[in-house]
Each structure stands twice: as C-alpha cells, then as structure tokens.
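A short worksheet on the structure shown next.
The values are calculated or read from the model by the stated rules, or taken from the named source; none is laboratory data. Since the structure is predicted, the reported quantities are computational estimates derived from the model, not experimental observations. Quick reminder, even Gly has a Cβ in these numbers, built from the backbone with ideal geometry, and neighbours come from all protein chains shown. The area values use the complete protein model at the heavy-atom level, side chains included, leaving out ligands, DNA and RNA. Shrake-Rupley method; radii C 1.70, N 1.55, O 1.52, S 1.80 Å.
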Amino acid sequence: MVMADRVTLHILDGDTARRAQLARLAFAAGHHAEIYASAEELLAHAPSGGLVLAQDDPVGEGIPNLIAAMMRAGHWLPVIAIAETPETSAVVRAIKAGALDYLAMPSQIAPLNEAVSQAAREADSFRAQRARAAEARQRISRLSTREREVLDRLAEGCSNKAIARELDISPRTVEIHRMKMMGKLGARHAAEAVRLRIEATGLDDIAA
C-alpha cells in the first residue's frame, strides 16, 4: 500500500453517493475529509490548507470553473480533478487551468494516496509560482495600453525599431514608453520585464 502523510481532503462533488464514497476512501487512507456539494459552499468555508478533490462536472468545464472561482476569491488550494472516465480534452483543460492531477474515480487507497502524496509535494512550489504570477500581474496592470503593447512585443524579441514599425510610432517614442514601462514594473533590464510578463501570463487561462 502507498502510504501518505495525513492531509485534509476537501471533497467537492454534487453527487451525494460519490461524495460519501470518496469520504470513506479518504478516511480509510488515513486522511481527514471535509465534504462540499458546490464550489460556492467550498469558498464560503474558505479552508486555509489541504487539497481539493473535485469532480469535473460538467466534464471539461467543472475544474476550470472551480479554479477560476478560487482565483477570483483570492483563495487558491491545490486541486486534484476526478471523473468517472477522464477524457483527454478534459484532462488537458484541467491541467492548463491549474489542476495538479486528474484521476479516474478512485476505488482503492493506493491510487488515491499516490496522487495525494504527489500533489502535496508539488503544492508548495505551485503556490509560490502562483504568488509570483499574481505579483507580476499586479505590476503589469499599472501599465498604459501603449506600454503594455511595447512589453508584449519586447517579449516576442522585437527590437525598438521593429516595435516602432508595428505600432506606427517613432523609435524614440518606443524608447520613452519602454523607460516608463520599466519604471512601473520595477525592472532593472529588459530580461526582468520579459520574465514578469511570462510569469503573469501563467494566470491567463485561469483568469479567462
């Protein structure tokens, strides 16, 4: 049997029978379980730790919607998605949205503990990544539309002259926007500005 450290599993499933089945399995695996019928109920309780074990319902939409709701509420927890029969497209959407794993409905302790252990190991670094992304997005939100356009093209590797041609402005004007953009971002050089832009983009799928 795969052993895992005791974790609080927040089980989210609109189906009462499935929810009870997952809770029994969680307790049998040595974890603590809290159950919720909806994302609204989960967010109303705003748990501060643990992992969310959530049914992807409707399939392909449930997990992205859940993670988007958590991000809007400023309350992210690691998510393991579940479906009776995982579909490839749904798995891809869930992982792109930020889920750490996607399981077929577990009926044995070992697969559940394996997923929980892996997600718990990844959660800290993932949480730190989310914090960096949120900070980067906050900084970028200070930019004017034109400064953001310059940053976007800088991230694509464009020179000042190329940016000037694309935006139909002079290279000198590009330089002025670029200097203002760097100042607002607190970036010392172009590479740092580009890194912030890449980190902020990591939240695009969730915020959409």
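Table for the structure above
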quantity: Tally of residues being crowded, with 18+ Cβ neighbours inside 10 Å, farther than 13 Å from Phe126 by Cα and out of contact with any strand residue (DSSP E or B) (no Cβ under 6 Å at 6 or more places or on another chain) across the stretch 74-113; calculated: 7
quantity: Elements of type helices (runs of 4 or more DSSP H) contained in the stretch 12-117, each with 1 or more residues being at negative phi, within 18 Å of the chain's Cα centre (by Cα) and touching a residue at least 24 places away in the same chain (Cβ under 8 Å); calculated: 39-45, 62-72, 88-97
quantity: Flag for Arg6 being at pLDDT below 90, charged (D, E, K, R), open to solvent by 50 Å² or more (accessible area, probe 1.4 Å) and at negative phi; calculated: yes
quantity: Spans of helices (runs of 4 or more DSSP H) in the stretch 118-208 with at least 2 residues under 30 Å from Leu77 (Cα atoms) and in contact (Cβ under 8 Å) with a residue 60 or more places away in the chain; calculated: 190-201, 204-207
